[in-house]
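A quick write-up on the structure given underneath.
The values are calculated or read from the model by the stated rules, or taken from the named source; none is laboratory data. Please read all numbers here as calculations on a predicted model, not as lab measurements. Counting neighbours? That spans all protein chains shown, and the Cβs are built from the backbone with ideal geometry, glycine included.
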């Protein structure tokens, strides 16, 4: 059955479906909504009369999705970056249009690979194989090209409570995306065949839905990484320093005093402060102040980790870093994956003017080493990431399986009271689930918390409060299948599916039959 929908109504429906999908992610977590929305989008693609129509439908979906889901970009650029309102609105729309190009590409590609007839078997193939593969391939591209923007990948919507999250330790977040897309395809096929009310026609999509859920639940029940050593006491400090105040000279003494007070009040062996907790360079930090904090930590045979910028006068560069102090030898982690326009300026000859418009202190960092080792602290091996870096599972796994825990320090104050902080927390939950490691997060304004190996929250602080979160964390050893193979597993599956779809699409031509 093919339903002809007027062009404007089709685009409006796709945009609404994209906007509604956002409610599947944190903080709303209505995990079934993105699956239903994608199923309806697949149905629109299935009925599209041309690849161009499928592409414009995908673009409309993407615009609805990203304009709603990443509206915090406007907050960051205008409220805290100082960019004029009109220019910020244009920049935000242009960015969302660019990333909406990936759903558009998925629609175009699926239409090109699905031109082989309108039979029931053709419908099943395109909805269960071609479209899920195209969607996942384009998400993989979105997370890779031009430094990548994997935020709000479909798989994140299922973490941690959905049975589909069970695929994360095996295939990673993109593997969960693929499974979600297959589920959506089966749901679309079921809705298309419901009018027939025939057990024969409903058997295939029903079986696929049941198998996907059952396998995910079984994988989720498996324990992939064993505990190692004794639990360690931790204190995660949330300073709640407003972004507009953070870099004011008169505020610095208050920041130092607040963190010192919180450190002195805790007996935790591992203390973690947020990203750029001290908003100066390391060489500017009072040595006596640092020595006192290190001594307090060493008295408990523990260590302190704090975010601070490190300057290299020889290389004439500076780094966004985390530095350790305490019983263990001093170490430093330098952020490798920097945010374009926020932490470094890409294509400098073209965009040099941006630095004059944006009022972002320390906005042109240098990237750190490609494969940093874990930091040894408080008897643990810690895989560090700074803010946005934890959105890239393929990069975090480079410190595994050597690391026993994951640590992320962030400053989501840049995004105000928007969806960003909760979305970022959900991303961290995925990283814990993929790696089979506890994730410790210290965030300036929140969300600060401890995430267990199954992605569930063991403890977390409310946002926008100044507080220390005390708890215990257990180290883990071993490697999940995802840690061993990374994105290669899902990439191989998607590549085979695309090749199969291409072969099926070419078959009528090879046989000399006219293409529909």
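The single condition among (1) modelled with pLDDT of 95 or more; (2) within 25 Å of the chain's Cα centre (by Cα) that residue 148 does not meet is (1). From the list 127, 146, 141, the one residue that fits, being surrounded by fewer than 23 Cβ atoms within 10 Å (Cβ to Cβ), touching a residue at least 12 places away in the same chain (Cβ under 8 Å), part of a helix (DSSP H, G or I) and touching a helix residue (DSSP H, G or I) at 6+ places or on another chain (Cβ under 7 Å), is 141. Could you tell me which of the residues 422, 389 is assigned to a helix (DSSP H, G or I) and within 19 Å of residue 367 (Cβ to Cβ)? Of 422, 389, the one residue that is assigned to a helix (DSSP H, G or I) and within 19 Å of residue 367 (Cβ to Cβ) is 389.
Scanning segment 154-165 for residues being surrounded by 24 or more Cβ atoms within 10 Å (Cβ to Cβ) and part of a helix (DSSP H, G or I) gives a total of 7.
The listed residues are 11, 30, 38, and the only one of them that is assigned by TED's automatic domain parsing to the domain that holds residue 185, farther than 24 Å from residue 388 by Cβ and in a loop (DSSP other than H, G, I, E, B) turns out to be 30. Scanning segment 53-82 for residues that are crowded, with 23+ Cβ neighbours inside 10 Å and in a loop (DSSP other than H, G, I, E, B) gives a single hit, 70. Hey, any hits in segment 178-190 for a residue that's assigned to a helix (DSSP H, G or I) and free of Cβ contacts under 8 Å to residues at least 24 places away in the same chain? Yes; the residues of segment 178-190 include at least one that is assigned to a helix (DSSP H, G or I) and free of Cβ contacts under 8 Å to residues at least 24 places away in the same chain. Looking at this structure, is residue 199 at pLDDT 95 or above, farther than 19 Å from residue 106 by Cβ and either buried (at least 24 other Cβ atoms within 10 Å of the Cβ) or in the same structural domain as residue 66 (by TED's automatic domain parsing) (or both)? It is false that residue 199 is at pLDDT 95 or above, farther than 19 Å from residue 106 by Cβ and either buried (at least 24 other Cβ atoms within 10 Å of the Cβ) or in the same structural domain as residue 66 (by TED's automatic domain parsing) (or both).
Of all residues in segment 235-251, those satisfying the criterion of being in contact with a helix residue (DSSP H, G or I) (Cβ under 8 Å, 6 or more places away or on another chain) and part of a helix (DSSP H, G or I) are 243, 244, 245, 246, 251. Each residue in segment 437-457 was checked for being surrounded by 19 or more Cβ atoms within 10 Å (Cβ to Cβ) and assigned to a strand (DSSP E or B), and 8 pass. Do you know which of the residues in segment 384-413 that are touching a residue at least 40 places away in the same chain (Cβ under 8 Å) and over 17 Å from the mean Cα position of the chain (by Cα) is nearest to residue 336 (Cα to Cα)? Per the criteria, the residue is 400.
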